[in-house]
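First comes the structure, then the notes that go with it.
The values are calculated or read from the model by the stated rules, or taken from the named source; none is laboratory data. Bear in mind that the values here come from a model prediction, so they are computed numbers and not experimental data. All Cβ positions, even for glycine, are placed from backbone atoms using ideal geometry, and neighbour counts span all protein chains on display. Note: areas computed on protein heavy atoms with side chains; ligands, DNA, RNA excluded. Shrake-Rupley method; radii C 1.70, N 1.55, O 1.52, S 1.80 Å.
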Amino acid sequence: MSRISTVFERLRAAERKALIPYVTAGDPDIGSSLDILHAMVSSGADILEIGVPFSDPIADGPVIQRAGERALKNGVGLVDVLSLVRSFRLTNSETAVVLMGYANPIEAMGRERFIAAAAQAGVDGLIVVDYPPEESAEFAAAVRAAGLDLIFLLAPTSTRARIEQVARLASGYIYYVSLAGVTGAGHLDLADVLSHLEVIREFTTIPVGVGFGIRDGATARAICSIADAAIIGSRIIQEVEADPAHAAARVGHFLADVRAAMDAVVTTAP
Amino acid sequence: MNDRPATYDLPDARGHFGPYGGIFVAETLVHALDELAMAYARYRTDPEFVAELKDEFAHFVGRPSPIYHARRWSEVLGGAQIYFKREDLNHTGAHKINNTIGQAMLARRMGKPRVIAETGAGQHGVATATVAARYGMSCVVYMGSEDIKRQASNVYRMKLLGATVSPVESGSRTLKDALNEAMRDWATNVADTFYIIGTVAGPHPYPMMVRDFQAIIGQECIEQMPQMVGRQPDYVVACVGGGSNAMGIFHPYIPFPDVQLVGVEAAGEGIDTGRHSASLSAGTPGVLHGNRTYLLQNSDGQIIETHSISAGLDYPGVGPEHAWLKDSARASYESATDSEALEAFHTCCRLEGIIPALESSHALAYAARLARDLPRDKVILVNLSGRGDKDMPTVAERSGMVV
Ligand SMILES: Cc1ncc(COP(=O)(O)O)c(C=O)c1O
């Protein structure tokens, strides 16, 4: 079983939901990124999404765009992100790690080479924002063969046929984007999210995480009453931005509050 | 290579030109693109749509655009005869409006009251603002803050036409970043918004759709050339930024094996200086802006900043169909530097009484180079994609003047 599935199994047994924070690697610098990852784990993160900087992040809002620009200014690219994961794995073998990014840096490295390097570094899953299922059958097979999970996004605009198609290829978890738009936008409409999760669950039993619009303990708790995981991105980058010199401490502090709020949920096993 | 397809019917149903093209977008845009592809499939052959487009071309754009024999220039070069396809005479001064009319007509039929666009030089922005005014739609044009500084008069034209020009401060603050921002707007406002992409790039169906709207250029040439010279040209030459004016004139000529198609990219200060925009000549395949194509990128897969004296060619990618035409050798791709383009610009002004756009001047520069070494009975048809009025400040600055 993949590390991601193990994480969800363990949580299910403990009647808890997964906390999945996102951070862009290399912001404010690659050394701090390692501290941030460990701080997130100490504060109760179950799976870490590590953003791979890209020059043209079309699906990201201003906050994550800025993080990517800072990382690129530091010269951080895919190779550095892989060594970051290797460093993280020196002291952590429990927490699942997912790389989230865009297709081009992967293609520049070479897909096969990248997949092998990611598996070797201790990566558990991949989210390639601009590889929809139609364009990634071959890639998905290679990712699976390497023992990694390929995680797909679904959106409010995804049709039933689309959900069915994604559900067939997806593994690890499904990332439901709670609103049309880019990362960092808007606020949550819980009833609307629930109605979409119900459709997704008609087609798959793998866990569904919800991201976009989760900004604090209250919204995370609300999401966890209907989803398997809360995914938080832009809000974490804002902590990094607010005080880069103490980024790890601030992120840790913020996530600890979120974790506490989430664990206050009375969950019933599905 | 001589494995040219006898019949040419690319792209496939999912927008692939061989290994290029496709739909590489985030999930939030997938439905919008499906909807667009369906609407376009329905209307592209709809007799009422086709008739209205023809009428708009005739009465609003001023089509057909003429073909002109550049006699004096050809004489001076002493080689092949050069002809211009006069897209500079279109309303708004470039080929861009052929496409914006088509897409705006589609937007109306899809019930989208708001259109958005990206622009670099401002030509596509102006052409979009123009059709938005013509059809009573609201219009937002994304433009890099660097380009806003460089293209002040086009910014003013867009505002006069009622559009909102939205400055883009991310990345390199130029055309590619404006495209990113327009995509983000579209993902957020997809219910009421139609994104009018300005070139044959982006995710399917854009490369095909924009090509089809621009193909009127080549279709007219196929009718006009036999009347002008008794036959089709030996060479068709066009500048390539994203590649829409080139695809527009190339596409109808693809089944004519004796017609050589040559795209001319911007070599900027020289390909070996790294300061250029020649994606096909010096780039490598990758994924950007929703499709797979040749890109200017570093070894880490980051898109690098480009340079050209003409803002309209200053783009790190190129339409996927050009990538395919290059690999299959049906078209060849050359380049012209800033100074070569400027020299052609001045020559065209003085010998022919036509002030060409700096973009088009790249095609002229290559055509002049080519003509010199060819016999007098050869015919080169150049797509004169736009007029140069917008380029007065740039050209004057090069000569140490301010206008
Ligand atoms: C006159 C003119 N020609 C050419 C171009 C380049 O675009 P494309 O390669 O899509 O024709 C532009 C773009 O602004 C333009 O204004």
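Across the range B:367-381, what is the total count of residues that are open to solvent by 70 Å² or more (accessible area, probe 1.4 Å) and within 16 Å of the ligand (Cβ to nearest atom)? Total meeting the criteria: 0.
Listed by first and then second residue, the pairs linking a residue in the range B:62-85 that is on the phi > 0 side of the Ramachandran plot to a residue that is among the hydrophobic types (A, V, I, L, M, F, W, C), with Cβ atoms under 9 Å apart and 6 or more places separating them unless they lie on different chains, are B:G62/B:L89; B:G78/B:A371. Pull up the range A:135-153, narrow it to residues that are within 25 Å of A:L37 (Cβ to Cβ) and of a type outside the set (A, V, I, L, M), then point me to the one that is surrounded by the fewest Cβ atoms within 10 Å (Cβ to Cβ). Checked the range A:135-153; the qualifying residue surrounded by the fewest Cβ atoms within 10 Å (Cβ to Cβ) is A:G147.
Does B:K159 satisfy the condition of being in a helix (DSSP H, G or I), at pLDDT below 95, more than 16 Å from the ligand (Cβ to nearest atom) and surrounded by fewer than 24 Cβ atoms within 10 Å (Cβ to Cβ)? When the stated conditions are applied, B:K159 does not pass them.
Report, by residue number, each residue of the range B:224-251 that is surrounded by fewer than 24 Cβ atoms within 10 Å (Cβ to Cβ), more than 16 Å from the ligand (Cβ to nearest atom) and touching a residue at least 24 places away in the same chain (Cβ under 8 Å). Selection gives B:Q224, B:M225, B:M228, B:V229, B:R231, B:Q232, B:D234, B:Y235. Taken as a whole, the range B:210-217 holds at least one residue that is within 16 Å of the ligand (Cβ to nearest atom), open to solvent by less than 30 Å² (accessible area, probe 1.4 Å) and in a loop (DSSP other than H, G, I, E, B).
Go through the residues of the range B:162-180 one by one and say whether even a single one is away from chain A (no Cβ under 14 Å), surrounded by fewer than 21 Cβ atoms within 10 Å (Cβ to Cβ) and not in a strand (DSSP E or B). Yes, some residue in the range B:162-180 is away from chain A (no Cβ under 14 Å), surrounded by fewer than 21 Cβ atoms within 10 Å (Cβ to Cβ) and not in a strand (DSSP E or B). Please verify whether A:P132 is crowded, with 18+ Cβ neighbours inside 10 Å and free of Cβ contacts under 8 Å to residues at least 24 places away in the same chain, treating the condition exactly as stated. Yes, satisfied. The conditions of being at pLDDT 95 or above, facing chain B (nearest Cβ under 9 Å), on the phi < 0 side of the Ramachandran plot and open to solvent by 40 Å² or more (accessible area, probe 1.4 Å) are met by A:A108. Per the listing B:G102, B:G93, the residue uniquely in contact (Cβ under 8 Å) with a residue 12 or more places away in the chain, more than 14 Å from every other protein chain (Cβ to nearest Cβ) and within 13 Å of the ligand (Cβ to nearest atom) is B:G93.
A count restricted to the range B:351-365 and to residues that are more than 9 Å from the ligand (Cβ to nearest atom) and either open to solvent by 10 Å² or more (accessible area, probe 1.4 Å) or among the hydrophobic types (A, V, I, L, M, F, W, C) (or both) stands at 7.
Out of everything in the range B:105-125 that is within 16 Å of the ligand (Cβ to nearest atom) and at negative phi, what residue ends up being nearest to the other protein chains (Cβ to nearest Cβ)? Across the range B:105-125, the extreme among qualifying residues is B:E118. Would you pick out the residues in the range A:63-97 that are closer than 20 Å to A:L153 by Cα and either surrounded by fewer than 23 Cβ atoms within 10 Å (Cβ to Cβ) or polar (S, T, N, Q) (or both)? If the condition is that a residue be closer than 20 Å to A:L153 by Cα and either surrounded by fewer than 23 Cβ atoms within 10 Å (Cβ to Cβ) or polar (S, T, N, Q) (or both), then A:V63, A:Q65, A:V97 are the ones that fit.
Restricting attention to helices (runs of 4 or more DSSP H) lying wholly within the range A:1-104, give those where 1 or more residues are at pLDDT below 95. Result: A:62-73.
Could you please let me know if B:M183 is out of contact with any Phe, Trp or Tyr (no Cβ under 6 Å at 6 or more places or on another chain), more than 16 Å from the ligand (Cβ to nearest atom) and in a helix (DSSP H, G or I)? Yes, satisfied. Looking only at the range B:309-326, decide whether some residue is more than 20 Å from B:M247 (Cα to Cα) and crowded, with 19+ Cβ neighbours inside 10 Å. Within the range B:309-326 (the criterion being more than 20 Å from B:M247 (Cα to Cα) and crowded, with 19+ Cβ neighbours inside 10 Å), the answer is yes, since at least one residue qualifies. Within the range B:281-293, take every residue that is of a type in the set (A, V, I, L, M, F, W, C) and crowded, with 24+ Cβ neighbours inside 10 Å and give me the one that is nearest to the other protein chains (Cβ to nearest Cβ). In this case the residue turns out to be B:V287. Residues being open to solvent by 30 Å² or more (accessible area, probe 1.4 Å) and in a loop (DSSP other than H, G, I, E, B): count how many of those fall in the range A:220-241. Looking only at that region, the number is 2.
Does the range B:130-139 contain at least one residue that is in contact with a strand residue (DSSP E or B) (Cβ under 9 Å, 6 or more places away or on another chain), closer than 26 Å to B:S277 by Cβ and open to solvent by less than 20 Å² (accessible area, probe 1.4 Å)? No: zero hits.
Can you find a residue in the range B:382-392 that is within 16 Å of the ligand (Cβ to nearest atom), at pLDDT 95 or above and open to solvent by 70 Å² or more (accessible area, probe 1.4 Å)? Among the residues of the range B:382-392, at least one is within 16 Å of the ligand (Cβ to nearest atom), at pLDDT 95 or above and open to solvent by 70 Å² or more (accessible area, probe 1.4 Å), which makes the answer yes.
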